[in-house]
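S.K.: Supplied in structure tokens, the structure appears directly below.
The values are calculated or read from the model by the stated rules, or taken from the named source; none is laboratory data. Computed from a predicted structure; not experimentally measured. Don't worry about glycine lacking a Cβ; one is built from the backbone with ideal geometry, like all the others, and counts go over all protein chains shown. All accessible areas refer to the heavy atoms of the entire protein, side chains included, with ligands and DNA or RNA removed. Shrake-Rupley method; radii C 1.70, N 1.55, O 1.52, S 1.80 Å.
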Amino acid sequence: MFESCLIDLHLHLDGSLSPRIARALADMQGIKIPEDEKALESLLTVSENCRDLNEYLEKFAFPCSLLQTPEALEMAVEMLEEELSDEGLQYAEIRFAPQKHTKKGMTQTDAVEAALKGRGKHRVKTNFILCLMRGEDNRAENFETVEVAAAFLGKGVVALDLAGAEALYKTASFGECFARAREKGIPFTIHAGEADGPGSIRDALSFGASRIGHGVRAYEDPSLMKLLAEKRIPLELCPSSNLQTALFPDISRYPLPAFLSSGIPVTVNTDNRAVSGTTVARELSLLKDAFSLSGEDVRLLLENAARASFAAEEEKVSMIENIRKQTK
């Protein structure tokens, strides 16, 4: 059931380099990495005793160091698509921050062009979301990302995002960037309600976010839950990631039932396949087992993802048809 119709809307490229991909990238560039497979995994995957989001984010330095040339970005996208196809995904939105790939001379435009070259070589359909980054002194880089997204909008890039240390760099500080995005007609999702509370989600909605990355802490505010349901704002849930960053003590406390009963169109995603050591199928299975979800419940989650995607309308219809075929 549901084979070949899975969808991942919240998937970070740099957090999704499997050991296989990391080794191929290192070999291609002559970068020395551990020979031992477990030692390599420890550089890519968060430990079981991860304390919080800030510790989780430390796992991105190593894979990002492997993604500093056009050839590396192209190869990473192609190999990731291969793995997604093998796992039965029909569609994925891969997100990355072009400004994080300029350490060896690439421009942000170069980075996007390279990623696009790696796309479309396997069965899964993919599009890109470009991330602005939370920080203190990267305002110019964030505005440049908006311009780059505008240039590639409809050519493989479908949206913008804001990622990074949410509790340290508040969502409210990035209003100007998203005002520029609105001027240029670029849709966007925003990481909010993960390390910071419901107020962060409200700020994202005030900017015009059409989806919320994570958004899991919305359950703390009943009036916000009602607003999300009324406006049909999708949440990009990433259960394993939220457990690893210590938002919840265990999966039984995860607020999925509250979201479903409120009528909020939630979706289930990986966040970072390598850092979290997961797949979409595993995330769905985790929730299915924890909350005794029926096949109909799982189908609803997948259809929510199809409708929430930034894909073209005809592609959304095709995805939903494929999902329903799998349940006959």
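S.K.: Regarding ALA179, is this residue open to solvent by less than 50 Å² (accessible area, probe 1.4 Å), assigned to a loop (DSSP other than H, G, I, E, B) and either touching a residue at least 12 places away in the same chain (Cβ under 8 Å) or over 16 Å from LEU130 (Cβ atoms) (or both)?
M.R.: On the way: open to solvent by less than 50 Å² (accessible area, probe 1.4 Å): yes; assigned to a loop (DSSP other than H, G, I, E, B): no; either touching a residue at least 12 places away in the same chain (Cβ under 8 Å) or over 16 Å from LEU130 (Cβ atoms) (or both): yes.
For ALA179, the condition - open to solvent by less than 50 Å² (accessible area, probe 1.4 Å), assigned to a loop (DSSP other than H, G, I, E, B) and either touching a residue at least 12 places away in the same chain (Cβ under 8 Å) or over 16 Å from LEU130 (Cβ atoms) (or both) - is not met.
S.K.: Among (1) over 30 Å from ASN49 (Cβ atoms); (2) outside any helix (DSSP H, G or I); (3) open to solvent by less than 10 Å² (accessible area, probe 1.4 Å), where does GLU166 come up short?
M.R.: For GLU166, the exception is condition (1).
S.K.: Now for a separate question. Of everything in the range 228-245, what is farther than 15 Å from GLU283 by Cβ and in contact with a Lys or Arg (Cβ under 8 Å, 6 or more places away or on another chain)? Give them in sequence order.
M.R.: Answer for the range 228-245, where residues must be farther than 15 Å from GLU283 by Cβ and in contact with a Lys or Arg (Cβ under 8 Å, 6 or more places away or on another chain): ILE233, PRO234.
S.K.: Hey, any hits in the range 199-211 for a residue that's in contact with a His (Cβ under 8 Å, 6 or more places away or on another chain), under 20 Å from THR270 (Cβ atoms), at pLDDT 95 or above and not hydrophobic (A, V, I, L, M, F, W, C)?
M.R.: No.
S.K.: Does SER223 qualify as being surrounded by fewer than 24 Cβ atoms within 10 Å (Cβ to Cβ) and under 15 Å from the mean Cα position of the chain (by Cα)? It would help to see each step written out before you state the result.
M.R.: Values: surrounded by fewer than 24 Cβ atoms within 10 Å (Cβ to Cβ): yes; under 15 Å from the mean Cα position of the chain (by Cα): no.
For SER223, the condition - surrounded by fewer than 24 Cβ atoms within 10 Å (Cβ to Cβ) and under 15 Å from the mean Cα position of the chain (by Cα) - is not met.
S.K.: Could you please find all residues in the range 301-314 being out of contact with any strand residue (DSSP E or B) (no Cβ under 7 Å at 6 or more places or on another chain) and open to solvent by less than 60 Å² (accessible area, probe 1.4 Å)? Break it down stepwise before answering.
M.R.: Of the range 301-314, the ones out of contact with any strand residue (DSSP E or B) (no Cβ under 7 Å at 6 or more places or on another chain) are 303, 307, 312-314.
If the condition is that a residue be out of contact with any strand residue (DSSP E or B) (no Cβ under 7 Å at 6 or more places or on another chain) and open to solvent by less than 60 Å² (accessible area, probe 1.4 Å), then GLU303, ALA312 are the ones that fit.
S.K.: Any idea which of VAL275, VAL266, VAL298, VAL280 is open to solvent by less than 30 Å² (accessible area, probe 1.4 Å) and touching a Phe, Trp or Tyr at 6+ places or on another chain (Cβ under 6 Å)? Even if it seems obvious, please write down each step before you answer.
M.R.: Numbers: VAL275 fails: touching a Phe, Trp or Tyr at 6+ places or on another chain (Cβ under 6 Å); VAL298 fails: touching a Phe, Trp or Tyr at 6+ places or on another chain (Cβ under 6 Å); VAL280 fails: touching a Phe, Trp or Tyr at 6+ places or on another chain (Cβ under 6 Å).
VAL266 is the lone residue from the list that is open to solvent by less than 30 Å² (accessible area, probe 1.4 Å) and touching a Phe, Trp or Tyr at 6+ places or on another chain (Cβ under 6 Å).
S.K.: Okay, moving on. Got a number for residues in the range 88-113 being farther than 25 Å from GLU313 by Cα, open to solvent by 20 Å² or more (accessible area, probe 1.4 Å) and touching a helix residue (DSSP H, G or I) at 6+ places or on another chain (Cβ under 7 Å)?
M.R.: Here the count works out to 5.
S.K.: Any residue that is free of Cβ contacts under 8 Å to residues at least 40 places away in the same chain and closer than 21 Å to GLY175 by Cα - is there at least one of those in the range 105-113?
M.R.: No.
S.K.: Residues being open to solvent by 30 Å² or more (accessible area, probe 1.4 Å) and part of a helix (DSSP H, G or I): count how many of those fall in the range 200-220. Write out each step before concluding.
M.R.: Narrowing the range 200-220 to residues open to solvent by 30 Å² or more (accessible area, probe 1.4 Å): 202-203, 205-206, 208, 210, 217, 219-220.
Then drop every residue that is not part of a helix (DSSP H, G or I), which leaves 202-203, 205-206, 217, 219-220.
Going through the range 200-220 one residue at a time, the tally reaches 7.
S.K.: Then there is this: Could you list, in sequence order, the residues of the range 183-195 that are surrounded by 13 or more Cβ atoms within 10 Å (Cβ to Cβ) and either touching a helix residue (DSSP H, G or I) at 6+ places or on another chain (Cβ under 7 Å) or more than 26 Å from PHE248 (Cβ to Cβ) (or both)? Please lay out each step first, then the result.
M.R.: Going through the range 183-195, the residues surrounded by 13 or more Cβ atoms within 10 Å (Cβ to Cβ) turn out to be 184, 186-195.
LYS184, ILE186, PRO187, PHE188, ILE190, ALA192, GLY193, GLU194, ALA195 - these are the residues of the range 183-195 that are surrounded by 13 or more Cβ atoms within 10 Å (Cβ to Cβ) and either touching a helix residue (DSSP H, G or I) at 6+ places or on another chain (Cβ under 7 Å) or more than 26 Å from PHE248 (Cβ to Cβ) (or both).
S.K.: Still on this structure, please answer the following. Of all helices (runs of 4 or more DSSP H) completely enclosed by the range 225-328, which ones contain at least 2 residues that are of a type in the set (Asp, Glu)? Don't jump to the end; show me each part of the working.
M.R.: Details: elements: 239-244, 256-262, 273-276, 280-291, 295-308, 313-326.
Result: 280-291, 295-308, 313-326.
S.K.: Taking the condition of being open to solvent by 50 Å² or more (accessible area, probe 1.4 Å) and either among the acidic types (Asp, Glu) or closer than 18 Å to PRO198 by Cβ (or both), how many residues in the range 146-163 meet it?
M.R.: Step one: filter the range 146-163 for residues open to solvent by 50 Å² or more (accessible area, probe 1.4 Å), giving 147, 151, 153-155.
Going one step further and asking which of them are either among the acidic types (Asp, Glu) or closer than 18 Å to PRO198 by Cβ (or both), we end up with 147.
Selection size over the range 146-163: 1.
S.K.: Kindly indicate which of LEU116, LEU130 is surrounded by 21 or more Cβ atoms within 10 Å (Cβ to Cβ), under 18 Å from VAL77 (Cα atoms) and in contact with a Lys or Arg (Cβ under 8 Å, 6 or more places away or on another chain). I'd like the intermediate steps shown before the answer.
M.R.: On the way: LEU116 fails: surrounded by 21 or more Cβ atoms within 10 Å (Cβ to Cβ).
Checking each option against the conditions leaves just LEU130.
S.K.: Which pairs turn up if I take residues in the range 266-293 that are on the phi > 0 side of the Ramachandran plot and look for partners that are among the small types (Gly, Ala, Ser) with beta carbon separation below 8 Å, at least 6 apart in sequence or on another chain?
M.R.: Here the result reads ASP271/GLY15; ASP271/SER240; ASP271/SER241; GLY277/SER240, each pair linking the range 266-293 to a residue that is among the small types (Gly, Ala, Ser).
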